[in-house]
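**Q** Got a structure for you, written out below as structure tokens; questions coming shortly.
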Amino acid sequence: ATEISGLNKWYGSFHVLKDIDLTVAAGSRIVICGPSGSGKSTLIRCINGLETYQGGSIALGGVKLGDNAKETTLARRDTGMVFQSFNLFPHLTVLSNCTLALRRVLKMSRRQAEDIALHYLEKVRIPEQAKKYPAQLSGGQQQRVAIARALCLSPRLMLFDEPTSALDPEMIKEVLDVMVSLASEGMTMLCVTHEMGFAREVADQVIFMDQGRIVEQARPDIFFGAPSHARAQQFLEKIL
Ligand code: ATP
Ligand code: MG
């Protein structure tokens, strides 16, 4: 499980995350939503060790981030991250994007790394694009490569930060379909998304953030049926 306890973060004097408590149990799927600037990306980035924080703790599989450099590095390797902007390496082929960490970090042979990469490229349904460069792919295809690349390291937790919001409508579904299959295979997922259809179908908990706080956490049927917090109601009225 991933356990976040009393997390507080400031950017200078701006209090961006306030007393965040959140447990992501193995196999659970949590969707985070909330207005722009509420701290969703910052929270996700703290969990992946991309941001520091000033109070509280984050533990990945029992290992507290920051306690011990070597253990922190290993724990971080257990989380895969997918960004809104794909973040593929433009000068590397799709296949090399996927094999890079396997070869550099895990010191695998080219053959072994490519076998794993192709397995995940098949899972995201684009093995035929392996030899292309990111710029030669559609946004939806690039995002599926980014998912495959994250999966190559066999993460125990997948973090998604608005993976479909940079995509044209017709490509959103192909990415969501991949995420739905991942969920059905039991992947633990923490997703920032405003795709409420996905949240209803896949999430076991929906979290609503506002001004740096988790103000509501509920099962999707309850959250969408009758959110208890006024800010969540207003938010849903706007996006649904
Ligand atoms: P969005 O829906 O627009 O992606 P978000 O909920 O992901 O919003 P964050 O990106 O986490 O919000 O940002 C939370 C707040 O922290 C915002 O007010 C933002 O301006 C501020 N912020 C984010 N990054 C920094 C930074 N590096 N330095 C200072 N302030 C920052
Ligand atoms: Mg964000």
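The values are calculated or read from the model by the stated rules, or taken from the named source; none is laboratory data. No experiment lies behind these values; they were computed from the predicted model shown. Cβ placement follows ideal geometry from the backbone for every residue including glycine, while neighbour counts extend to all protein chains displayed. Note: areas computed on protein heavy atoms with side chains; ligands, DNA, RNA excluded. Shrake-Rupley method; radii C 1.70, N 1.55, O 1.52, S 1.80 Å.
**Q** Restricting attention to the stretch 40-52, which residues are within 12 Å of ligand 2 (Cβ to nearest atom) and open to solvent by less than 10 Å² (accessible area, probe 1.4 Å)?
**A** LEU43, ILE44
Yes/no per residue for (1) open to solvent by 10 Å² or more (accessible area, probe 1.4 Å); (2) in a helix (DSSP H, G or I); (3) hydroxyl-bearing (Ser, Thr, Tyr):
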site	(1), (2), (3)
ALA146	no, yes, no
MET158	no, no, no
PRO163	no, no, no
ILE172	yes, yes, no
HIS194	yes, no, no
GLU237	yes, yes, no
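**Q** Go through the stretch 105-125 and count every residue that is at pLDDT 95 or above and open to solvent by less than 90 Å² (accessible area, probe 1.4 Å).
**A** Result for the stretch 105-125: 12.
**Q** Do any residues in the stretch 148-174 that are in contact (Cβ under 8 Å) with a residue 24 or more places away in the chain have Cβ atoms under 6 Å from those of residues that are within 16 Å of ligand 1 (Cβ to nearest atom) and assigned to a helix (DSSP H, G or I), where the two are at least six apart or on different chains, and which pairs are they?
**A** That search, which allows pairs on different chains as well, returns LEU159/ILE44; ASP161/SER41; ASP161/ILE44.
**Q** Taking VAL192 as meeting all but one of (1) away from ligand 2 (no atom under 16 Å from the Cβ); (2) within 14 Å of the chain's Cα centre (by Cα), write down the number of the exception.
**A** For VAL192, the failing item is (1).
**Q** Just to be sure before I move on: is GLU71 within 16 Å of ligand 1 (Cβ to nearest atom), free of Cβ contacts under 8 Å to residues at least 60 places away in the same chain and of a type in the set (Asp, Glu) in the structure I sent?
**A** no
**Q** Follow-up question, since we're still on this one. Is it the case that SER154 is at positive phi, out of contact with any His (no Cβ under 9 Å at 6 or more places or on another chain) and not hydrophobic (A, V, I, L, M, F, W, C)?
**A** Yes: the conditions hold for SER154.
**Q** If I filter the stretch 119-164 down to residues being more than 16 Å from ligand 1 (Cβ to nearest atom) and among the hydroxyl-bearing types (Ser, Thr, Tyr), which single residue comes out as nearest to ARG104 (Cα to Cα)?
**A** Looking at the filtered set, the residue picked out is SER154.
**Q** So in the stretch 79-104, with the set limited to residues that are part of a loop (DSSP other than H, G, I, E, B), of a type outside the set (A, V, I, L, M, F, W, C) and surrounded by fewer than 16 Cβ atoms within 10 Å (Cβ to Cβ), which one is farthest from ligand 2 (Cβ to nearest atom)?
**A** HIS91
**Q** Now, a different point. In a helix (DSSP H, G or I) and in contact with a Lys or Arg (Cβ under 9 Å, 6 or more places away or on another chain), is that true of ALA135?
**A** no
**Q** Could you identify the single residue in THR23, THR42, THR72 that is farther than 23 Å from TYR11 by Cβ, among the hydroxyl-bearing types (Ser, Thr, Tyr) and outside any loop (DSSP other than H, G, I, E, B)?
**A** THR23
**Q** Looking only at the stretch 196-229, count how many residues are open to solvent by less than 10 Å² (accessible area, probe 1.4 Å) and closer than 29 Å to SER13 by Cβ.
**A** 4
**Q** Same structure, new question: Name the single residue, out of those in the stretch 53-68 being part of a loop (DSSP other than H, G, I, E, B) and within 14 Å of LYS18 (Cα to Cα), that is least open to solvent (accessible area, probe 1.4 Å).
**A** Once the filter is applied, the top-ranked residue is TYR53.
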